[in-house]
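Please read the structure below before turning to the comments.
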Amino acid sequence: MTVALAPAGTKAVPLHVLGSDDVALWAGQQSDKIRTWVDASGFKGALGSALMIPNDLGQPEAALIGYGTAAKRKRSRFALAAALPKLAPGTYRIASGVPEDQLEQEVLGWLLASYQFDRYSDAKSDMASLVAPDGVDADRINTLAEAEFLTRDLINTPASDMGPDELDAAARALADQHGATISVITGDALLDQNFPMIHTVGRASSRAPRLIDMTWGSQGPHLTLVGKGVCFDTGGLNLKPGGSMGLMKKDMGGAANVLGLAHMIMASNLPLRLRVLIPAVENSVSSNSFRPQDILTSRKGLTVEINNTDAEGRLVLADALCLAAEEEPSLIVSMATLTGAARVAVGPDLAPYFTDDDVIATSLDLSARRVADPVWRMPFHAPYEEMIEPGIADLDNAPKGGFAGAITAALFLRRFVKEDDRYVHFDIYGWQPTAAPGRPKGGALQGARALFDALPDLLDL
């Protein structure tokens, strides 16, 4: 779906945003008719509340949105969007009440709240639209919303319609939209071109594994994004229980997020060279599934002992990260729905990331707060390196014991870039488990908006 801010000058209903402490003052400055209407309606400015004010003909003259208290807003994102479901369909313009430093964030939240996944149902509801306010970059906000909608659509689509073939097609459509170049290595050609672990993980599926490789831009610093594209994860021979398999359509959330980020970059025409690598596979069960205790040889030449076939995401990412590092880009970023340990550590709302570079971390943290895309730094803790060294092979894909699972997975991936590479790894959830303002239940973009905002600083653009 596509949603955008209405152009400035569009006829619209004035919208006043009132905190809990502002209602009485605002009402006291209005006509007796409006003051009586507000009092009779019991509008108190609670977060998420809304009130339409009619004129003498019963048509909307103005609308009020409750902005709650500062304490309530601190516990939420996109406070303005909380009231959107309670507004009548129509077009509105913000007349007062949104702090200038929150305006862009709140306008973005309004757009994000209008998302509807409508691929399988015609039961769409009309949503209130918003005129682009003065002082905000409407093109930028529209681009951020488009990227988020792309990511949500990809994750929300069930694996029956979003396998490696369809993820490949989505990447090609994005490349066509922006004039990017794309190539795809498929099936046994992965072995011919030395991507053995991508092939091994995906070979049991009737849907051929592949490595999607998209490039864009001809000058400037070189950014490479690597996204985990496991389109469905049964767990392989270490089969997941039914409850754990229920959300595995989202296991390609890393790929969806890097495609969303790529859209932001290309649509904004950032002066950089972009490469997007997506190992797209389905981890299925068949007679040729890879097995526990198998030892695989990676593109880098490192051997990996398989102690759990359900720890497959790091295997496909490893081959792609090795390819990324061969070009020595200015920055490598991987994004993956990789470990349950990350969810235990920070829950579904924060996007944990790993980097050895304090400058990168500082920039990401500042951007995350600025664009309401919360992230949290985790450590590449070197003393845990021995936990991923089984002795029989160079690396263990699933260390026993259960401790520090997100960190050991990140350390595993770091082995496949070069020691002096600037590298950031995101272990995201990619899913909004319960609806919240601007964030309906379902697929989610996490960390990508913070990265996009930080790129000018990270790459000196």
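Some points to look at:
- Overall, the chain carries a charge dipole of about 1180 debye about its Cα centre when +1 sits on the Cβ of Lys and Arg and -1 on the Cβ of Asp and Glu, all other atoms neutral.
- Net charge over other residues, Cβ less than 12 angstrom from the Cβ of Ser31 (K, R count +1; D, E count -1): -1
- Ascending count of other beta-carbon atoms within 10 Å, so fewest first, for Val276, Val38: Val38, Val276
- Proxy reagent accessibility, fewest Cβ within 10 Å first, across Leu395, Leu239: Leu239, Leu395
- Positive contributions from Lys and Arg (+1) and negative ones from Asp and Glu (-1), summed over other residues with Cβ under 14 Å from the Cβ of Arg77, come out at +3.
- Full extension of the chain between Tyr384 and Asp457 gives 23.2 nm of extra length, using 0.36 nm per residue less the Cα-Cα distance.
- Of all DSSP beta bridges in the stretch 13-136, antiparallel share, percent nearest 5: 30
- Listed by chain and number, the lysines whose C-alpha is less than 21 Å from the C-alpha of Lys400, apart from same-chain residues fewer than 8 away, are Lys240.
- When peptides 320-330, 359-369 are ranked by their average number of other Cβ atoms within 10 Å per residue, the highest-first order is 320-330, 359-369.
- Which labelled figure in (i) 36, 25, 19; (ii) 45, 21, 21; (iii) 47, 35, 18 is semi-axes √(5λ) of the Cα gyration tensor in Å, once derived from the coordinates: (ii)
- Under the Debye formula (equal points on every Cα, no solvent term), log10 I(q)/I(0) of the stretch 13-136 at q = 0.09, 0.22, 0.23 Å⁻¹: -0.25, -1.35, -1.44
- Separation of alpha-carbon centers, the stretch 367-418 and the stretch 156-190, rounded to whole Å: 28
- Per-selection metrics, the stretch 205-345 (Cα): Rg and Dmax in Å: 16.0, 48
- Taking a straight Cα-Cα cut-off under 27 Å and skipping sequence neighbours fewer than 8 places away in the same chain, the lysines within cross-link reach of Lys74 are Lys44, Lys86, Lys441.
- In summary, the lysines within cross-link reach of Lys300, defined as a Cα separation below 22 angstrom excluding same-chain residues under 8 places away, comprise Lys228, Lys418.
- The chain, helix-only ellipticity at 222 nm - DSSP H runs n ≥ 4, -39,500 (n - 2.57), divided by all residues, nearest 500: -9500 deg cm²/dmol
- DSSP-defined beta bridges in the chain - what % are antiparallel, rounded to 5: 40
No lab work stands behind these numbers, since they all come straight from the coordinates. Keep in mind the model is a prediction, meaning the values are calculated, not measured. FYI the Cβ positions are ideal-geometry reconstructions off the backbone, even for glycines, and counts take in every protein chain you see.
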